[in-house]
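Undergrad: The structure under discussion is supplied below as structure tokens; questions concerning it will follow.
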Amino acid sequence: MPLTTLNDEQLLAATTPLGYNLIIASAGTGKTSTIVGRIGHLLHSGVDPSTILLLTFTNKAAGEMLDRLEHYFSKKIVRKIESGTFHAVSYRWLKEIYPNIALKQPAELKTLFRSIYEKRNFERMNLSIQQFSATHLYEQYSLYQNASLESFDVWFLQKYPDHEPVMDIYIDIAEEFEREKIEYGFASFNDLLLRMKDELAKKKMHFSEVLVDEYQDTNTLQSALIDALEPQSLFCVGDYDQSIYAFNGANIENIATYAIRYPNATVHTLKTNYRSTAPILSLANRVIERNERIYPKKLEVGRHGKTHPPKLLMYNDLFEQYQSIAQNIKHTHVPNNQIAVIFRNNSSADGVEASLREYGIACKRKGGTGFFDTKEIKFLLDILSLLVNPKDMMAFIHVFEYARGVGSALSKELFQCFLHFGEGYFMQGVLFPKVHDLPKLNPNKNVQLGLFDDDQEIGSAARFASLGLDDSLMKHPLLKHPKLLPDAVTYFRDFHTLMHAVHHLQNPADILQNAISSPLYKSIIELLSVQRGRLKTGEIDEEKKRIAKERIDRKAILLLNISRQYKDLRRFVNAMVLGGNELSEGEGVNLLTVHASKGLEFPEVYVIDLVDGRFPNRKMMSSIEEERRLFYVAVTRAKDKLYLSLAKFDKVKKIDYKPSQFLHEAGLIKGEFIEPEVKEKNKN
């Protein structure tokens, strides 16, 4: 039984009677062992495994717990347990009800949202305020779905009351967005939970116990879904001191009010830390106890032996800090992959990464823009996705948004044109159109719509004669589209050329090689390198542009090398889209944002740039309490050695830095921290 490995406090929690139970599991106190022990206890007590639901924040975490259980129970029993993330579990259930539901990534749905937004002509409304952009409105709508159970307008106007004049338009956009998702069978991650909650209102699912890991990170929607399940017993594990996802909709009130919302709830506390040494835990306690204590607790040491007190590293300037850290790592006896450099802001990672490379030290970066998240790689994968599934409208829109004068709305219209020209077959419509008239795309008139208010006349292809197109392209019906401009036609020519070269190929490497060397991709490289080489003044820094272009080229070559391991295009695309993050990981020093470091542990940890303004980040922070929780999470990743570093000066920006208030609170810098604004007032 897994219970035999638990200490007294873990055992008490794991064997607690059925009911509402909250387990406060501080950093390194063995929450995973406790959850595994709890499930083992339920199974040993005769609970049907199919009536146990385990909800985690990563599928990997659920998989690891089930793997542990298989040491004590047969795989046949363990695999009956329902487990996974909120979204994965809901997706499985919904697939049984709606087999054709298609989960779409946020970037794809953001594009669909923008195509709807762009049809609105805000200028006609004579507005007294500047409306939000499509991207910002989408993000707010998505946050609303996670964070509130009230209507969109009520929630939105509480935050932005001055936007009341455009609220009707915002609502209209959101409603059309929801209709289009249903029409195309699309679902967002939020939709999975919202639709599952609605299904549970029609038909209840009966679980003997629902277990929730990382409960402090649940949002309002997830909490509502838990309640909709109406479990006979609820076992939630979390730590309010590690609630660091408020920016993403996490609601700390879920864990803070647990004992109030669930009458007769029992709260257990795991306080024995088996990860970090006494000096590290002492420092963590001194800082985090400055926050309001929702549930009384204090970390206790569960390991003994030689210890190293946390060390403060102070440098004159940022570059010296990064160089010195790289030197320290070069001379340590700890393996590179067991060292972590943790930072609050992504900008802090660049200097460390460059310095490590200078010393020939391998590193992997997590928490910043990943390889498969870069625009250049997404573009190539969208091209491949379109070849695998010619009906992938979102991939097409992503590709054509790069054409000058073609936005989301027109891209969507062009996609519909190609389907029309090919009598339902996209590639046929692009390369060998059978229908030569433009489809009629006039919806009913709407005062908010800026497109298709009036009947359109077909344009003449002759207006593009000066572009030097070949005869087959000049005869293509798309050139009759009245909204097409010369730049868009040139882009279409390059797209047409690439599709003609690769549409019959199946080998991923052959297709990618054609795409990378195509005029179409070269135009994308030029566009992105110019964007990344542009200074705040608007001027182009040619050196920055050159470096950006080199980085883009390297990424394309890497993707090409990966593709050579595959013979089938569909398998390659599936592997890249579903497993991209795993492929981009490698061995080396771990460069991590605090958020990316959560749940991990390392023998040697550097927390860098601990200066006021960077950590805590006063521009990005939701509260000083959350910044303090971020610091707590960062330092409790360390098992044996903890280094806290800062620089006094930034030579590039000519900025003097003051040590972070958390270093004062930790007792590493004497005296209470005085905020710069307060200090200036005291001088007067």
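The values are calculated or read from the model by the stated rules, or taken from the named source; none is laboratory data. Quantities reported herein were computed from a predicted structural model and do not represent experimental measurements. Neighbour counts are summed over all protein chains in view; Cβ atoms, including those assigned to glycine, are modelled from backbone coordinates with ideal geometry. Only protein heavy atoms, including side chains, enter the accessible area calculation; ligands, DNA and RNA are left aside. Shrake-Rupley method; radii C 1.70, N 1.55, O 1.52, S 1.80 Å.
Undergrad: Pick from the range 241-264 the residues that are aliphatic (A, V, I, L, M) and touching a residue at least 12 places away in the same chain (Cβ under 8 Å): which of them is farthest from Lys619 (Cα to Cα)?
TA: Our first condition is that a residue be aliphatic (A, V, I, L, M); within the range 241-264, this holds for 244, 246, 250, 252, 255-256, 259-260.
Now drop any that are not touching a residue at least 12 places away in the same chain (Cβ under 8 Å), which leaves 244, 246, 250, 252, 255-256, 259.
Details: Ile244: 16, Ala246: 15, Ala250: 19, Ile252: 21, Ile255: 26, Ala256: 26, Ala259: 34 Å.
Restricting to residues being aliphatic (A, V, I, L, M) and touching a residue at least 12 places away in the same chain (Cβ under 8 Å), the top hit is Ala259.
Undergrad: Quick test of your reading of the structure: Glu582 fulfils all but one of (1) open to solvent by 30 Å² or more (accessible area, probe 1.4 Å); (2) of a type in the set (Asp, Glu); (3) at pLDDT 90 or above. Name the failing condition by number.
TA: It fails just one condition, (3).
Undergrad: When both residues are 6+ apart or on different chains and their Cβ atoms are under 7 Å apart, which pairs have a first residue that lies in the range 418-435 and is under 16 Å from Phe492 (Cβ atoms), and a second that is open to solvent by 20 Å² or more (accessible area, probe 1.4 Å) and aliphatic (A, V, I, L, M)?
TA: Partner pairs satisfying both residue conditions: His420/Val435; Phe421/Val435; Phe426/Leu419; Gly429/Leu419.
Undergrad: Residue by residue through the range 199-257, note down the ones that are more than 30 Å from His44 (Cβ to Cβ), among the polar types (S, T, N, Q) and touching a strand residue (DSSP E or B) at 6+ places or on another chain (Cβ under 7 Å).
TA: Of everything in the range 199-257, those that are more than 30 Å from His44 (Cβ to Cβ), among the polar types (S, T, N, Q) and touching a strand residue (DSSP E or B) at 6+ places or on another chain (Cβ under 7 Å) turn out to be Asn219, Ser243, Asn251.
Undergrad: Provide a single number: the residues in the range 395-421 that are more than 17 Å from Asp437 (Cβ to Cβ) and acidic (Asp, Glu).
TA: Adding up the residues that qualify gives 1.
Undergrad: Of a type in the set (S, T, N, Q) and modelled with pLDDT of 90 or more: which single residue out of Ser90, Ser133, Ser148, Ser128 fits that description?
TA: Values: Ser133 fails: modelled with pLDDT of 90 or more; Ser148 fails: modelled with pLDDT of 90 or more; Ser128 fails: modelled with pLDDT of 90 or more.
Of the residues listed, the single one that is of a type in the set (S, T, N, Q) and modelled with pLDDT of 90 or more is Ser90.
Undergrad: A further question on this structure: Determine which member of the set Gln158, Gln232 is surrounded by fewer than 19 Cβ atoms within 10 Å (Cβ to Cβ), among the polar types (S, T, N, Q), more than 21 Å from the chain's Cα centre (by Cα) and part of a loop (DSSP other than H, G, I, E, B). Let's see the steps before the verdict.
TA: Working: Gln158 fails: part of a loop (DSSP other than H, G, I, E, B).
On inspection, the qualifying residue turns out to be Gln232.
Undergrad: Checking the conditions here, which among Arg275, Arg286 is at pLDDT 90 or above, of a type in the set (D, E, K, R) and over 25 Å from Lys670 (Cα atoms)?
TA: Values: Arg286 fails: over 25 Å from Lys670 (Cα atoms).
Among Arg275, Arg286, only Arg275 is at pLDDT 90 or above, of a type in the set (D, E, K, R) and over 25 Å from Lys670 (Cα atoms).
Undergrad: Kindly provide the set of residues from the range 1-56 that are farther than 17 Å from Val267 by Cα and without any contact (Cβ under 8 Å) to a residue 12 or more places away in the chain, ordered by number.
TA: Thr4, Ser45, Gly46
Undergrad: Which of the residues belonging to the range 415-435 are crowded, with 21+ Cβ neighbours inside 10 Å and among the β-branched types (Val, Ile, Thr)?
TA: Selection gives Val430 alone.
Undergrad: So in the range 166-199, with the set limited to residues that are among the β-branched types (Val, Ile, Thr) and under 25 Å from the mean Cα position of the chain (by Cα), which one is most open to solvent (accessible area, probe 1.4 Å)? Full working, then the answer.
TA: Step one: of the range 166-199, the residues among the β-branched types (Val, Ile, Thr) are 166, 169, 171, 173, 182.
Now restrict to residues that are under 25 Å from the mean Cα position of the chain (by Cα): 173, 182.
On the way: Ile173: 0, Ile182: 120 Å².
Residue satisfying both the conditions and the ranking: Ile182.
Undergrad: Now for a different question. How many residues does the range 133-165 contain that are out of contact with any Phe, Trp or Tyr (no Cβ under 8 Å at 6 or more places or on another chain) and touching a residue at least 60 places away in the same chain (Cβ under 8 Å)?
TA: So the count comes out to 4.
Undergrad: Would you please list the contacts, defined by Cβ atoms under 9 Å and residues six or more apart or on different chains, that run from a residue in the range 214-240 that is at pLDDT 95 or above to a residue that is open to solvent by 20 Å² or more (accessible area, probe 1.4 Å) and assigned to a strand (DSSP E or B)?
TA: Listed pairs, sorted by first residue: Leu234/Tyr20; Phe235/Tyr20; Cys236/Tyr20.
Undergrad: Among residues belonging to the range 10-30 that are part of a helix (DSSP H, G or I) and touching a helix residue (DSSP H, G or I) at 6+ places or on another chain (Cβ under 9 Å), point out the one that is surrounded by the most Cβ atoms within 10 Å (Cβ to Cβ). Before the answer, list the steps.
TA: In the first step, residues of the range 10-30 are kept if they are part of a helix (DSSP H, G or I); the result is 10-14.
Okay, now just the ones that are also touching a helix residue (DSSP H, G or I) at 6+ places or on another chain (Cβ under 9 Å), so 10-11, 13-14.
Numbers: Gln10: 24, Leu11: 16, Ala13: 26, Ala14: 24.
Out of the qualifying residues, it is Ala13.
Undergrad: Any idea which residue in the range 373-392 is least open to solvent (accessible area, probe 1.4 Å), counting only those that are part of a helix (DSSP H, G or I) and more than 23 Å from Gln506 (Cβ to Cβ)? Full working, then the answer.
TA: As a first pass, look at the range 373-392 and keep what is part of a helix (DSSP H, G or I): 373, 375-388.
Add one more test, that the residue is more than 23 Å from Gln506 (Cβ to Cβ), and what stays is 373, 375-376.
Numbers: Asp373: 82, Lys375: 103, Glu376: 2 Å².
Only one residue tops the list, namely Glu376.
Undergrad: Among the residues of the range 69-96, how many are touching a Phe, Trp or Tyr at 6+ places or on another chain (Cβ under 7 Å) and among the hydroxyl-bearing types (Ser, Thr, Tyr)?
TA: Within the range 69-96, the first condition is being touching a Phe, Trp or Tyr at 6+ places or on another chain (Cβ under 7 Å), and the residues that meet it are 85, 87.
Okay, now just the ones that are also among the hydroxyl-bearing types (Ser, Thr, Tyr), so 85.
Result for the range 69-96: 1.
Undergrad: Right, here's the next one. Could you list, in sequence order, the residues of the range 394-414 that are closer than 14 Å to Glu108 by Cβ, part of a helix (DSSP H, G or I) and open to solvent by 10 Å² or more (accessible area, probe 1.4 Å)?
TA: If the condition is that a residue be closer than 14 Å to Glu108 by Cβ, part of a helix (DSSP H, G or I) and open to solvent by 10 Å² or more (accessible area, probe 1.4 Å), then His398, Lys412 are the ones that fit.
Undergrad: Checking Arg293 against (1) assigned to a loop (DSSP other than H, G, I, E, B); (2) on the phi < 0 side of the Ramachandran plot; (3) in contact (Cβ under 8 Å) with a residue 24 or more places away in the chain, which test does it fail?
TA: Status for Arg293: all satisfied but (3).
Undergrad: Something else about it: Which numbered condition trips up Lys197, out of (1) closer than 18 Å to Tyr144 by Cα; (2) touching a Ser or Thr at 6+ places or on another chain (Cβ under 7 Å)?
TA: Result: Lys197 passes all but (2).
Undergrad: Select, from Asn264, Asn254, Asn328, the only residue that is in a helix (DSSP H, G or I), over 22 Å from Phe662 (Cβ atoms) and either touching a Phe, Trp or Tyr at 6+ places or on another chain (Cβ under 8 Å) or open to solvent by 20 Å² or more (accessible area, probe 1.4 Å) (or both). First the steps, then the outcome.
TA: Details: Asn264 fails: in a helix (DSSP H, G or I); Asn328 fails: over 22 Å from Phe662 (Cβ atoms).
Asn254 is the lone residue from the list that is in a helix (DSSP H, G or I), over 22 Å from Phe662 (Cβ atoms) and either touching a Phe, Trp or Tyr at 6+ places or on another chain (Cβ under 8 Å) or open to solvent by 20 Å² or more (accessible area, probe 1.4 Å) (or both).
Undergrad: In the range 586-639, what residues are of a type in the set (Ser, Thr, Tyr), open to solvent by 10 Å² or more (accessible area, probe 1.4 Å) and in a loop (DSSP other than H, G, I, E, B)? Show your work before the answer.
TA: So in the range 586-639, the residues of a type in the set (Ser, Thr, Tyr) come out as 593, 597, 606, 622-623, 632, 636.
Of the ones still in play, those that are also open to solvent by 10 Å² or more (accessible area, probe 1.4 Å) are 593, 622-623.
Within the range 586-639, Ser622, Ser623 qualify.
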